[in-house]
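The values are calculated or read from the model by the stated rules, or taken from the named source; none is laboratory data. Note that the structure is a prediction, hence the values are computed from the model and not measured. As a convention, Cβ positions derive from the backbone with ideal geometry for all residues, glycine included, and neighbour counts pool all protein chains shown. Just the protein is used for accessible areas: all its heavy atoms, side chains included, with ligands, DNA and RNA removed. Shrake-Rupley method; radii C 1.70, N 1.55, O 1.52, S 1.80 Å.
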Amino acid sequence: MALILCIGYSGARMLALVIITGLLAFASSKPCVTEGSNSELLLTLNRNLVRSLESPEGLPNPSVHLALRLSHHHNQAKETDHLNKLKNELHNDIQTSLSNSQSVTGTMALYSLALKSSCYDLNTISFTANDKSETLLTHLKRQMEQEKDHIAFSHRPLTNYYQYSLGVLALCVSGIRVNNHVSHKLIKAAENEHFRHGETESIDTYAMAGMALQCVKNSGSYAHNAEELDLTLNKIKQKLLASRRSDGHIGNEFSTGLAVQALLAMGSEVGDCSVSMEAMRTAARSNTYHNPMAISQTLPALQRKTYLSVKTLDCLNEDDTLVLESVDPAVVLPSETKVKVMVEVVTASGAAAAYSVDVPKGSSLLEALELLERKNVGFTFQKESSLWGPFLSVVNGEQARQSDRRYWHLSSDGTALTEGVGDFKINATQKITIKNTSY
């Protein structure tokens with residue numbers, strides 16, 4: 001996974017549109033499809049996503065809403081309730097960020113896509129900044145101009161290229177002409193392979209950039225250099241295909257959903273993604289995608305939808321058959337088996353401190369760190385929320401701030417984690433390294 005809407009752990013994803021059939025008019029190649037999809041598996045993922053709406057933790061998730069709206073099956077009452085929460089709770093959070101002059105490109109873009117997926121009139125949504133009220137899309141265009149200008153003098157966006165791509169996509173899908181200079185910055189970043197998270201390439205960013213630039217191409221609005229745009233789209237496609245592992249996943253289990261969406265949007269051949277589709281099904285059956293954010297990026301791909309599909313949704317004669325059966329809450333008793341976790345904290349200066357703690361087998365990393373903190377051995381931490389769940393913001397009093405282009409990189413026995421502190425499970429003795437890292 002890649003750096004997304006907030007930086008918290010290695011490959012954090014915190015934080016996608018013409019429908020595929022419409023795209024066929026633009027693509028000369030056969031679109032990427034597979035046969036024999038497991039409909040019951042898709043229904044299970046769909047139900048799990050709807051159940052996640054009942055969680056009282058955090059803000060309503062626009063990515064979850066987007067996936068539900070792109071699905072074949074709906075629970076209209078639940079989706080309507082979630083839409084109202086987005087328009088209140090998430091809207092107010094974005095307004096607070098704008099009032100504090102904070103960059104909210106990614107969140108604002110996802111909010112736009114979520115509203116669009118419900119066929120909501122975006123011109124009726126407004127925010128106030130500097131005592132002036134303007135529409136959501138006007139604010140998003142301004143955010144993108146600020147991002148573009150920041151690239152011009154610092155060679156990187158205010159946020160990151162994932163959020164930048166998401167902003168281009170949201171404007172394009174909403175029928176707003178994207179400034180040629182804004183699109184060109186994204187093209188050049190892809191050409192020069194600037195989509196990185198630390199030392200590794202960000203597959204999520206390549207995927208989102210591919211969908212954004214495909215939308216720009218489909219709109220016919222890019223007048224700068226059509227050949228350069230085509231070459232960049234082809235490069236992104238080849239980059240995604242070259243990142244496919246032997247098991248079919250592209251990048252890792254959590255970046256495959258967006259990567260397949262991008263391949264679908266760019267009209268790939270059948271063989272380009274059928275193996276990856278099956279890899280996602282296998283991962284879903286083993287409950288790899290238990291995080292709602294992960295499901296929200298995977299489910300559309302498994303249903304052969306992409307964020308480009310939002311552009312042609314009409315919200316008419318929709319299914320309303322997705323019923324949730326009552327489920328008794330699972331009671332998970334702590335394991336009597338204990339495993340030792342060694343924790344190493346490496347500060348920005350390179351100074352290191354080591355600790356150890358015994359935790360019940362199956363504990364999350366977050367639970368392990370909480371147990372370690374309660375030992376009063378000098379280890380402390382603070383966490384913040386993101387669309388992917390909690391992430392570390394302060395460790396032993398030292399911050400790793402996005403504004404400073406730093407984050408807490410997490411690894412287990414030298415291998416970077418692909419899940420966050422709330423999702424990664426401790427099932428054996430291991431060494432966890434928490435390192436203040438620049439990107």
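Summary table below
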{"quantity": "Cross-link table Lys188/Lys237; Lys116/Lys237; Lys85/Lys141; Lys116/Lys305; Lys141/Lys305; Lys148/Lys217, entries beyond 22 Å C-alpha to C-alpha", "calculated": "Lys116/Lys237; Lys85/Lys141; Lys141/Lys305"}
{"quantity": "D (Stokes-Einstein, µm²/s), Kirkwood Cα radius, the chain, 1.306 mPa s at 10 °C", "calculated": "71 µm²/s"}
{"quantity": "Electrostatic dipole magnitude of the chain [Cβ: Lys, Arg +1; Asp, Glu -1; Cα centre; debye, to 20]", "calculated": "660 debye"}
{"quantity": "Selection from Ser255, Thr80, Leu59, by position along the positive dipole direction of the chain (Cβ)", "calculated": "Ser255"}
{"quantity": "Check: the stretch 338-438 dipole with +1 on Lys, Arg Cβ and -1 on Asp, Glu Cβ, in debye", "calculated": "120 debye"}
{"quantity": "Per-residue HN-Hα couplings for the stretch 109-116 [Karplus 6.51, -1.76, 1.60; θ = phi - 60°; Hz; x = Gly/Pro]", "calculated": "5, 5, 4, 4, 5, 5, 5, 4"}
{"quantity": "Candidates per chymotrypsin sites (Phe, Trp or Tyr not before Pro) in the stretch 105-188, loop by DSSP, up to 14 other Cβ within 10 Å", "calculated": "none"}
{"quantity": "Dipole moment magnitude, nearest 20 debye, the stretch 130-255 about Cα centre, only Lys, Arg, Asp, Glu C-beta charged", "calculated": "160 debye"}
{"quantity": "Stokes-Einstein translational diffusion, the stretch 58-201 - Kirkwood Rh over all Cα pairs, 1.002 mPa s, 20 °C, in µm²/s", "calculated": "134 µm²/s"}
{"quantity": "Alpha-carbon centroids, the stretch 253-285 and the stretch 172-213: separation in whole Å", "calculated": "19 Å"}
{"quantity": "Loop-located trypsin sites (Lys or Arg not before Pro) in the stretch 236-289 whose Cβ has at most 14 other Cβ within 10 Å (DSSP)", "calculated": "Arg245"}
{"quantity": "In Å², nearest 10: area of Thr128 left accessible to a 1.4 Å probe", "calculated": "60 Å²"}
{"quantity": "The chain - accessible surface per residue (Å², probe 1.4 Å)", "calculated": "42 Å²"}
{"quantity": "Value of [θ]222 nm, deg cm²/dmol, for the chain, DSSP H segments ≥ 4, -39500 (n - 2.57) each, nearest 500", "calculated": "-13000 deg cm²/dmol"}
{"quantity": "Under 17 Å from Lys375, Cα to Cα: lysines that are on another chain or at least 8 residues apart", "calculated": "Lys338, Lys340"}
{"quantity": "Unit charges at the beta carbon, dipole of the chain: most positive-side option, Leu233, Leu302, Tyr120", "calculated": "Leu233"}
{"quantity": "Rel. contact order, % - alpha carbon contacts under 8 angstrom, at least six apart, the stretch 338-438", "calculated": "36 percent"}
{"quantity": "3J(HN,Hα) from dihedral phi, the stretch 145-160, Karplus parametrisation 6.51/-1.76/1.60, rounded to Hz, x for glycine, proline", "calculated": "5, 5, 4, 4, 5, 5, 4, 4, 10, 10, 6, 7, x, 4, 9, 7"}
{"quantity": "Alpha-carbon centroids, the stretch 354-389 and the stretch 42-79: separation in whole Å", "calculated": "29 Å"}
{"quantity": "Euclidean distance of C-alpha centroids, the stretch 80-159 and the stretch 289-318, integer Å", "calculated": "21 Å"}
{"quantity": "Ranking by accessible area, most exposed first, for Arg401, Arg47 with a 1.4 Å probe", "calculated": "Arg401, Arg47"}
{"quantity": "Total formal charge among the other residues, if their Cβ is under 11 angstrom from that of His155, Lys/Arg +1 and Asp/Glu -1", "calculated": "+3"}
{"quantity": "Accessible-area value, Val323, 1.4 Å probe, nucleic acids and ligands omitted, Å²", "calculated": "100 Å²"}
{"quantity": "Accessible surface ranking that places the most exposed of Cys273, Cys315, Cys119 first, with a 1.4 angstrom probe", "calculated": "Cys119, Cys315, Cys273"}
{"quantity": "Glu193 accessible area, 1.4 Å probe, all protein chains in place, Å² to nearest 10", "calculated": "70 Å²"}
